Amino acid sequence: MRLHSVTLAFAVSLLLIACGPAQEQTAQFQIEETTIAEIQAAILRGELTSTQVVELYLARIKAYNGTCVDQPEGILGAITTIPRAGKVNALITLNLRPAERLSRGFDERKARSMTDAADDDVAMPDALEVAAQQDAYLASTGSLIGPLHGVVMAIKDQFDTFDMRTTSGADAFYANDRPPRDAVFVQRLRDAGAIILAKANMGEYAAGGVTGVRSSFGGTNCNAYDTERDPGASSGGSGNSVSANLVTCAIGEETGTSVREPAKNNGVVGLAPTRELVSADGMMQRGITTRVGPICRTVEDVARVLDAYAGFDPRDELTAFSVGRRPSQPYQSFAHEERLDGVRIGVVREYMDRDLFTIADAETIDIVERAIEDLRALGATVIDPGPQGALFQDAVDKYSPVWRNQLFVRQFSEQFAEGSDHLPLLVDMFFDPSLVPHDSVGRPSMRNLGRGRGGAGGTRYNMNVYLRERGDANIRSLTDLIEKANFWDDPIIRNRKEGLQNADTAKTLATARALQDRFTVQTVVLQVFAELDLDAVIYPTGNVPPAILTNPQEPNKNNRPSGVWTYINSRGFPAITVPAGFTTQIYDRVRDSTATDSTRLVGPVRARLPVGIDFLARPFGEPTLFRIASAYEAATNHRIPPSGFGPPPGR
């Protein structure tokens, strides 16, 4: 709850009495790598206050949140990378009143609002005022205000926060850059006691790929382990802020990859939950694959955050599917497993076939092989089709021609000519899957099944719905967003303007492809889970280490993406990524006009970069994921914080 009934004056007077001794002990509390449980235990022992937690994170933000690239033409110009920059540019807006922000040396661009210079509304307490209210509540009641008391968080700028500017990273000319209300899940986090300290930088309008490392308002954000590399689009600021210990946890958004990729690239834990479990209200571009996911440094903390905001929301019709599907126990209670006896885990070898990919994939696959052995040592039964095997292929061959028929016959138009009788060949394929054809895209498989997202019409529709609900006086449509905004100009990292212009020409809302893909993937995966009695599957979160920001990305290779694997997860299945180790050497993609596709691999290059593994379960199977992931995490302890981001000067 918001403590508007507790006045700031009362809070401050109580703090002066109750927290003086704790002030001396704050220096002894190590905020780096701390957990929610550790923060709250220290608060209850009187060794720490919520105010001091915010202060500790602000000191780290001041030290490590600056510009991490060279931008001689300013934030909208071309960039070059900086080795070991010591900054990550993760947070673009700070929840501080103007005087407080200026006294700490944060510039105007970090202001809570660029359209409300006074920012003096008492109904919008800043992070320090909220923390003071919590401290007063604890002093007067002896209890924590809620399960996230003292937990400092960043929210991806894609999500509405009533007290901070929200523009999806854009430098757009809103009449009021604050939305009228919080996204429902943000309000739930606040009600649980979370202190929202910042908005996280992001790929503008949730862009992926190389475009996803920049936003016109926030600039470029960088990987915490190597500041010359990709932090993971589009929720990069959510991932690197957690990894660099600028916040306790953050919220990302994943339409395709953008919770698990920034978590993987920055060596932390990220959950892309079942789509229907968490409301996607209060965001631009919400859709059927949109997942609102917590990113933290431990599995248990991810579960604690999910507990605070999961469940039905009448503003998001898809969450009606979650009614009756939440466990009777808190999600956090499942995140303390030590053994996996009786748990059956399948290996998605389709994502680990060395013969189909490149040498850039090799070390990640080696690390996942070791993770599979770790699971066996924990007692899990591993169902592994073996190298060059395929866990789902038989089911794909049998069911995709039927349940994905409209797309299937379009792909193989030579065998299924328009106006011809398709049914005899489809019946033959059902009984003899070897008849399923191939083309340049390849045989239908779990590497390419499920690519449909609904087209540009969905982008235009969802953005216009959001903007109409927001009700801004200056920006009312996608057309306005294009015409009333600044965009960066960089010959290497393309901006979002052309993509938005293309989306604005769409005239139909074509959801059939996305729905057909979703149903087909669910049919295939659930059939295999049932036949093999699986609890979960494992695969690399992504095969290829993060690219240098200004280099070409690794191209698609036999339907292996440059980022992370997403075709199963984005079709209604929850997945969690957990640190699995580090590379020792990698291969980088560079430009070469004489080479095929004008790029080539160079290396090996010595590089210690995080590798993540995904566990994926049935829809609403988050308890199973927390059991498996927590046992693996406890047994392996692969999370090692990035170097160069230790205690800030003066601590």
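Just so it is clear, none of the values below were taken in a lab; they were calculated from the coordinates. Keep in mind the model is a prediction, meaning the values are calculated, not measured. So basically every Cβ, Gly included, is an ideal-geometry build from the backbone, and we count neighbours across all protein chains shown.
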Surface/4 of the Cα convex hull for segment 75-208, nm²: 10.1 nm²
Within-10-Å neighbourhood charge of Ile75 [Cβ basis; K, R +1; D, E -1]: 0
Share, in percent, of DSSP beta bridges within the chain that are antiparallel, nearest 5: 75 percent
Fewest-first sequence of Tyr57, Tyr567, Tyr351 by Cβ atoms within 10 Å of each Cβ: Tyr567, Tyr57, Tyr351
Charge-dipole axis of the chain as Lys and Arg at +1 and Asp and Glu at -1 on Cβ define it, positive-most pick from Val436, Tyr57, Gly239: Tyr57
Whether segment 8-328 is rounded, prolate or oblate, judged on the alpha carbon gyration tensor where a/c under 1.5 counts as rounded: rounded
Three-way shape call for segment 353-471 based on the alpha-carbon gyration tensor, with the a/c threshold at 1.5: oblate
0 to 90° range, to nearest 10: angle between helix 393-403 axis and the chain longest Cα axis: 90 degrees
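Based on the Cβ-Cβ distance of Asp592 and Gln527, what FRET efficiency does E = 1/(1 + (r/R0)^6) give at R0 = 56 Å, to the nearest 0.05?
Between Asp592 and Gln527 the formula returns 0.80.
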Between segment 213-273 and segment 113-192, the alpha-carbon center distance in angstrom: 21 Å
Equivalent ellipsoid dimensions for segment 471-591 as semi-axes, Å, which come from the Cα gyration tensor, largest first: 34, 26, 13
About the Cα centre, charge dipole magnitude for segment 392-452 (Lys/Arg +1, Asp/Glu -1 at Cβ), debye: 360 debye
Degrees separating the helix 512-532 axis from the principal Cα axis of the chain, which is the longest one: 80 degrees
Contour excess over end-to-end distance, with Cα ends at Ile492 and Glu414 and 0.36 nm allotted per residue: 24.2 nm
Efficiency of FRET between Lys557 and Ala635 - r from beta-carbon atoms, R0 22 angstrom, step 0.05: 0.10
Value of [θ]222 nm, deg cm²/dmol, for the chain, DSSP H segments ≥ 4, -39500 (n - 2.57) each, nearest 500: -9500 deg cm²/dmol
Global geometry of segment 392-452, whether rounded, prolate or oblate, following the gyration tensor of its Cα atoms and the 1.5 cut on a/c: oblate
Ser643-Ala41 FRET efficiency (beta carbon distance; Förster radius 41 Å; 0.05 resolution): 0.90
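Sorted from largest to smallest, which semi-axis lengths in Å does the alpha carbon gyration tensor of segment 344-391 give for its equivalent ellipsoid, taking the root of 5 times each eigenvalue? Walk me through the numbers before you get to the answer.
Numbers: eigenvalues 81, 33, 6 Å².
After diagonalising the Cα gyration tensor, the semi-axes are 20, 13, 6 Å.
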Rel. contact order, % - alpha carbon contacts under 8 angstrom, at least six apart, segment 8-328: 17 percent
Dimensionless Rg ratio for segment 579-651, taking C-alpha atoms and the 2.2 N^0.38 Å reference: 1.68
Alpha-carbon Rg with Dmax, taken over the chain, Å: 24.3, 84
Over segment 528-602, equivalent-ellipsoid semi-axes from the Cα gyration tensor in Å: 31, 15, 10
13 Å beta-carbon shell around Asp119, net charge (K/R +1, D/E -1): -3
Overall Cα dimensions of segment 456-503 - principal axes, largest extent first, Å: 35, 23, 11
Angle between the chain longest axis and helix 456-470 axis [Cα atoms, degrees, rounded to 10]: 20 degrees
D_trans [Stokes-Einstein, Kirkwood Rh over alpha-carbon pairs] for segment 134-242, 20 °C, 1.002 mPa s, µm² s⁻¹: 143 µm²/s
Over the chain, relative contact order from alpha-carbon pairs under 8 Å, at least 6 apart, %: 16 percent
Cα centre as origin, Lys/Arg/Asp/Glu Cβ charges: segment 311-397 dipole, Debye: 460 debye
Packing-based order for 189-199, 415-425, 396-406, 366-376, using average beta carbon neighbours within 10 Å, highest first: 189-199, 396-406, 366-376, 415-425
Label-point separation, His422 to Arg325 (7 Å along Cα→Cβ), nm: 2.8 nm
Options Ala280, Asn266, Val299, ranked by Cα towards positive dipole end of segment 263-304, top entry (Cβ charges): Asn266
Net +/- balance of residues flanking Thr35 in space, Cβ distance below 14 Å, scoring K and R +1, D and E -1: -3
